[in-house]
Each structure stands twice: as C-alpha cells, then as structure tokens.
Amino acid sequence: MVTAITSMGRSGLHDWLMQRVSAVIILAYVLYVGGVVASGVDYASWKALYSQTWMRIFSLLALLSFGAHAWVGLWSVFTDYLTERMLGAVGDKLRFLAQALSAVIMFTYIVWGIQILWGL
Amino acid sequence: MTFLKPGEAPSGELCKRYSIVKDKRPVNLDIVGSMHLPVTAWISITHRITGVILFAAVAVLLWALDTSLAGPESFDTLRETLGSPVFKLVMWAVLAVLIYHGIAGVKHLIMDFGIGESMEGGVLGARIVIALSLLCSVVAGVWLW
Ligand code: HEM
Ligand code: HEM
C-alpha cells in the first residue's frame, strides 16, 4: 500500500481538481506567451510586457500552477512505478528519493522564476 | 523482477508475492513480449512520458526567459544562440513535447466532462490528438526555421 502523505492536498479529489485547474492556467499562459512570441517581439516590447504588474502576476500564477500540476503528476507516476509491488523493498526508498529530488528541483524553479520576474 | 518460463511452476518469492497456492497452476507472465496496445493506451502512456520530460524542459524555458529579460545584449545573444541548429532542435523538441502534452491534456479534460468516453470516442479522440499534435508541431517547426 502506498500512503497518501506525500500527495498534494492529502485527498484524491482535491489533487484531481488541482491538476485540472492548474492545467487550464498553464495552457492559457502558454498560448498567450506563444502568441506574443509568434507575432514577433524585440527587446523593448518584450521587456515592457514583463514590466507590467498583471503580466508578473499571470506569470507567477502560471509558475505556481506548474508547481502544483507537476507535483500531483509526478506523485501519480512515482506511486505507480516506484513501489514495493513493482520493485521490492527498494521501491519505497527510491520513491522517497525521487520525491525529495523533485521537491528540491521544484523549489529551485519557483525561486528562480520569482527572481526573473522581479529581478532581485 | 523474476519471470517464469512457459510451463515453469512458480515457487519461492514469486509464490509469496502473488499468493499462488496451487503449485502446478499455469502461469504466463510474458506480458511484455507480446505487447500490443490500442491507440488509446499509447496516447495515455505518451502523455505520461511527455509530462515527466516537461518537468525537466521547464529548466530550458526558464533559462530562455531569464536570458531574454537580462538586457538588450543578452536578448540578442539568445536570438543568436537559438539560431544555431542544435538549439533550434532542442527548442523544437521542447515545443513538440509541450504541444503534445497540451493537446492530449485538453482531450483528457474533455473526457473528464464525460464527452467521448465510449471506445469509438476514445479511438477517434486519440487520432485527433495525433493529427493536431503533428500539425501544430510542424507549423511550429516551420516558424522556427
Ligand atoms: C510545463 C508544464 C507541464 C508539466 C511539467 C506537466 C506535467 C505533468 C505530469 C508529470 C503529469 C502526470 C502524468 C500521468 O499521471 O500520467 C501530468 C498530467 C496531466 N497534464 Fe500536465 N504538465 C504540464 C502542462 C500541462 C498543460 C499545458 C496541460 C493542458 C491541458 C496539461 C494537462 C494535464 C492533464 C489533464 C493531466 C492529467 C492526466 C491524468 O490524470 O492522467 N498539462 N502533467
Ligand atoms: C485543441 C485544439 C487546437 C487546434 C484546433 C489547433 C490548431 C492549430 C492550427 C490550425 C495551427 C496552424 C496555424 C497557422 O497556420 O498559423 C496551429 C499552430 C500551432 N499550435 Fe495549435 N491547435 C490546437 C491546440 C494547441 C495547443 C494545446 C498548443 C500548445 C500547447 C498548440 C500550439 C501550437 C503552436 C506552437 C503552433 C505554431 C504557431 C506558430 O509557431 O506560428 N496548439 N494550431
């Protein structure tokens, strides 16, 4: 049995909804920024876009959504494959390691993103 | 993992793990060797794989954002870097993975609303996902080059 202590909201339904809401936010952001880039940008217009408060908030929202989305997503993957049933006793240890590693990477991404957005 | 040869009786660790009680019970665990998955299953597993790849790819995207906003020279350097064939290929790969995961994700969301949940609906949806992903990836590639 895999326990739920490392899931996002400690409930499957909560996680399920979280992953869907975050997916829609990331998609909106990707399509918007993709549209801007595809229509052509120079440094001045690009910088001006990211100087606006609403764009920084939108970007941070997308970044945090990515964090929640990927956490729930990777949790599903790890608890499917890195388990005692699939791999024997080492499975649980590997899963713990994988989750710790992805948590560190995710934290790094978010701090890095905030630094980029607010240019600390 | 321990695999049984055809006709071999399970014993020891395997018996314990699968709670097999009858010694001579026929067992065929050779699932991998004869794997034929329907298109819907392929869509599902590739959605999963692209999701894991994207987690790493976000590093590339954040790096590009960082470089693009660091200053006018930095912005131009990024333009040049992304002009090289290798980086173009990397960017295109990231885009294609994102496009695929996104479109398969939208299909997933549509099915969450109960649309197209029949087997025929699933197969049709899977085909649409493949077609749209190819289309968007090719257009993105043309735009990049
Ligand atoms: C950079 C951004 C993204 C990352 C790192 C990411 C990562 C992941 C991962 C690892 C999973 C788990 C896969 C599984 O359990 O099979 C997942 C699932 C999912 N993703 Fe994403 N994803 C991203 C963007 C998106 C976008 C733009 C959408 C658009 C709709 C999306 C929609 C979904 C959906 C609906 C699921 C749930 C699949 C399921 O329950 O099986 N994702 N994602
Ligand atoms: C779900 C329905 C979708 C449809 C019907 C669709 C349709 C299209 C079409 C017709 C084009 C060509 C546009 C042109 O020739 O200028 C295109 C391009 C593109 N699509 Fe999609 N698409 C869909 C979803 C998505 C999603 C979810 C993503 C990303 C996550 C995406 C990313 C792109 C990209 C990057 C391009 C290339 C744009 C460029 O570089 O100029 N598409 N799409």
| query | Amide H of A:Gly9: which non-local residues (sequence gap of 5 or more, or other chain) have their own amide H closer than 5 Å, using H built in the peptide plane? | reply | A:Asp15
| task | Could you please state, rounded to a whole Å, how far the C-alpha centre of segment A:61-120 is from the C-alpha centre of segment B:60-82? | result | 26
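Using only atoms on other chains, find how many Cβ atoms lie within 10 Å of each Cβ of peptide A:83-90 and report the average.
Taking the mean over all residues of the peptide, I get 1.
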| Estimated vicinal HN-Hα couplings, Hz - segment B:134-144 in sequence order (Karplus 6.51, -1.76, 1.60; Gly, Pro = x) | 4, 4, 4, 5, 5, 4, 4, x, 4, 5, 5
| note | Each label sits 7 Å from Cα toward the beta-carbon; between A:Ala28 and B:Arg79 the label points are separated, in nm, by 3.2
| said: If I model a spin label as a point 7 Å beyond the Cα along the Cα-Cβ vector, how far apart are those points for A:Ala48 and A:Trp16 in nm? | reply: 4.7
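Report the relative contact order of segment B:33-144, percent, no decimals, based on alpha-carbon pairs under 8 angstrom and at least 6 residues apart. Could the numbers behind the result be given before it?
Values: 61 pairs, mean separation 37.4, N = 112.
With pairs under 8 Å counted, the relative contact order is 33 percent.
What order, most packed first, do the peptides B:37-49, A:71-83, B:54-66, B:71-83 have when packing is the mean number of other Cβ atoms within 10 Å of each residue?
So the order, starting with the most tightly packed, is A:71-83, B:54-66, B:37-49, B:71-83.
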| note | Rounded to the nearest whole number, the Stokes-Einstein translational diffusion coefficient of segment A:12-118 at 25 °C and 0.890 mPa s (Kirkwood radius, C-alpha pairs) in µm²/s is 155
| request: Provide the net charge surrounding A:Arg20, with neighbours chosen by a C-beta distance below 15 Å and charges set as Lys +1, Arg +1, Asp -1, Glu -1. | output: -1
| remark: Taking the dipole of segment A:12-118 about the Cα centre (Lys, Arg +1; Asp, Glu -1; charges at Cβ), the one of A:Leu13, A:His69, A:Ala48 that reaches farthest to the positive side is A:Ala48
| field | Estimated buried accessible area (total), pair B and A, 1.4 Å, Å² to nearest 100 | value | 2400
| Phi to ³J(HN,Hα) by Karplus 6.51 cos²θ - 1.76 cosθ + 1.60 over segment A:77-87, Hz, x for Gly, Pro | 5, 4, 6, 8, 10, 8, 10, 5, 5, 7, 10
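The values are calculated or read from the model by the stated rules, or taken from the named source; none is laboratory data. Not measured: the values here are computed from a predicted model. Because the Cβ atoms are built from the backbone with ideal geometry, glycine has one as well, and the counts that use them run over all protein chains shown. Note: accessible area is taken over every heavy atom of the protein model, side chains too, but ligands, DNA and RNA are not part of it. Shrake-Rupley method; radii C 1.70, N 1.55, O 1.52, S 1.80 Å.
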